[in-house]
Ligand SMILES: Cc1cc2nc3c(=O)[nH]c(=O)nc-3n(C[C@H](O)[C@H](O)[C@H](O)COP(=O)(O)OP(=O)(O)OC[C@H]3O[C@@H](n4cnc5c(N)ncnc54)[C@H](O)[C@@H]3O)c2cc1C
């Protein structure tokens, strides 16, 4: 029986594993893969303390830091995917596709999410060559350029607002006439003369040479196609949390993100915490995920000591 079972291998789970081992909690970490979503980035410039790091190197560093503590106190299971959780606080059973389930007194879910991708011609080809799913990460690379934001929710408008601070122009593309974003956010963004929203369109393709040069769209009303030049395309059409395996045990919001108390990271189920992109927090970054997991660990540590068998 482990004190703690950590699910994930990104910055959140890795930070949690290091803290758990240093607190001498008997811990197991089940990581599908180490590194997390930003592994695909060529140059991460905001991992604090490290001005530049390739995503692949960040993944190696996270894994190396966790392995530093592997041994009697920390069991590392890589390449396994959690499929279900049963039991109750003090006695959980965590199953994977195959092999014996792990039993643990407490659980931290840090299985992250995947960005919802757009499925149009050229989107895959130009991913990370001008088309990006992370404005906070890549936005400053497009200073002084014309850029496009795809989406109509709060994330799309907040991304547009962020880009307006340094881009030449921002064009937001939305398939329908109505936006899902809050009215006040829409109104504030619309005030900026560098901002334009184009609605009721179909997106036909992303075009370019070595890098993005623009997008072709079709106006639904007229049927006319139009080419929009842009150096950067920022996609904000939602996230898919990796939390399906926990559906029956913790409360989730309408898109499947795990609801947590942001003071402690506790979920609706006693003995289960969650941290990082799998939760319903508003902002998603490597540093936030790692910090949230550390907050969870502090709370788990106290809970384990109060609830000694
Ligand atoms: C393209 C891109 C670039 C980005 N660039 C930056 C950047 O430059 N700077 C920045 O701060 N943020 C960046 N982000 C955001 C950042 O990557 C995320 O906020 C961060 O990775 C979240 O960390 P996490 O540990 O919560 O989850 P994730 O990174 O999503 O990691 C989840 C982990 O859980 C594992 N896992 C999933 N399901 C299971 C399961 N069932 N069983 C076991 N393991 C499982 C996965 O293998 C993965 O290792 C970027 C995001 C994207 C998509």
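Just so it is clear, none of the values below were taken in a lab; they were calculated from the coordinates. In this text, all values refer to a predicted model and were calculated from it rather than measured experimentally. We place every Cβ from the backbone using ideal geometry, glycine too, and count neighbours over all the protein chains shown.
Annotations for the structure displayed:
- Shape of the chain, Cα gyration tensor, a/c cut at 1.5: prolate
- DSSP-defined beta bridges in segment 153-309 - what % are antiparallel, rounded to 5: 70 percent
- For segment 204-221 versus segment 250-293, the inter-centroid distance based on Cα atoms is 36 Å.
- By the helix-only formula, in which each DSSP H run with n ≥ 4 contributes -39500 (n - 2.57) and the sum is divided by residues, the chain has a 222 nm mean residue ellipticity of -7000 deg cm²/dmol.
- For the chain, relative contact order (Cα pairs under 8 Å, six or more residues apart, normalised by length) works out to 20 percent.
- Antiparallel content of DSSP bridges confined to the chain, in %, to 5: 45 percent
- Normalised by the number of residues in segment 131-235, the average gap of Cα pairs under 8 Å and 6 or more apart makes the relative contact order 31 percent.
- Highest-MSF residue in the chain out of 217, 109, 184 [GNM, Cα springs under 10 Å]: 184
- Rounded to 5, percent antiparallel among DSSP beta bridges of segment 131-235: 45 percent
- Burial ranking of peptide ranges 47-54, 261-268 (average Cβ count within 10 Å, highest at the top): 261-268, 47-54
- For the residues 291, 36, 87, a GNM of the chain with alpha-carbon springs under 10 Å puts the largest fluctuation on 87.
- Among 17, 104, 165, the largest mean-square fluctuation in a Gaussian network model of the chain (Cα springs under 10 Å) belongs to 165.
- For segment 131-235, the gyration tensor built on C-alpha atoms gives an oblate shape. Its axis ratio a/c (a ≥ b ≥ c) is at least 1.5, and a/b is not larger than b/c.
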